[in-house]
Each structure stands twice: as structure tokens, then as C-alpha cells.
Amino acid sequence: MSPDDKILLWQYREYCRHHLKPRALVKVLSCVNWKDIECVKETYRLLNCWRELEPVDALEVRRESESRLRGQIALTTIIFMWA
């Protein structure tokens, strides 16, 4: 998904929550700017009111978040080694 597509999808997150299938959460979460505290707060709010995901979709969310976490750990390790 292009950066512009991510911005557009994030702007329409409430529409996605109300009108699309629950699995749209997977795509919306891929658009979150995790460095922006307000976006993170909004994401937690969305998670609390989003409809329940099917197990396979929940696994996709988990897989993506684990991948992002592994990337952050690798980057932190590289920075630490070079410091």
C-alpha cells in the first residue's frame, strides 16, 4: 500500500469500522503512524470498539505486529552494537 493510500485509509477509519467487514481492521492497523502518540491513542480507542475479528484475521494482526516488533528489536540491537 502506498503512503498516500495509507493516509487516505487512516482518514476513513471510522467509515471502515462502521461499514466494512471487521477484517478491515487489519488494513487500518497497517496505516497507523506508531511514532505519533495521538494516532496510537486513537488506535487503542478503535480497538476497543471494533467488531470482533474472525480467528484467521486476528492471527494476521498478530503476525504483522510480531514482524514490526522483530524489526524494532533488530534496529535497536544494531544501534546498540555501534554505539
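Find all pairs meeting these conditions: Cβ atoms under 6 angstrom apart; at least six residues apart or on different chains; first residue within segment 11-33 and in contact (Cβ under 8 Å) with a residue 24 or more places away in the chain; second residue not in a helix (DSSP H, G or I).
Listed pairs, sorted by first residue: R17/W50; P22/R51; P22/L53; L25/W50.
In this structure, does L75 turn out to be more than 21 Å from R23 (Cβ to Cβ) and either surrounded by 10 or more Cβ atoms within 10 Å (Cβ to Cβ) or modelled with pLDDT of 70 or more (or both)? Step through it out loud before you land on a result.
Values: more than 21 Å from R23 (Cβ to Cβ): yes; either surrounded by 10 or more Cβ atoms within 10 Å (Cβ to Cβ) or modelled with pLDDT of 70 or more (or both): yes.
Criteria met by L75.
The values are calculated or read from the model by the stated rules, or taken from the named source; none is laboratory data. Quick caveat: nothing in here was measured; it's all calculated off a predicted structure. With ideal geometry, Cβ positions are generated from the backbone for all residues, glycine too; neighbour counts draw on all protein chains shown.
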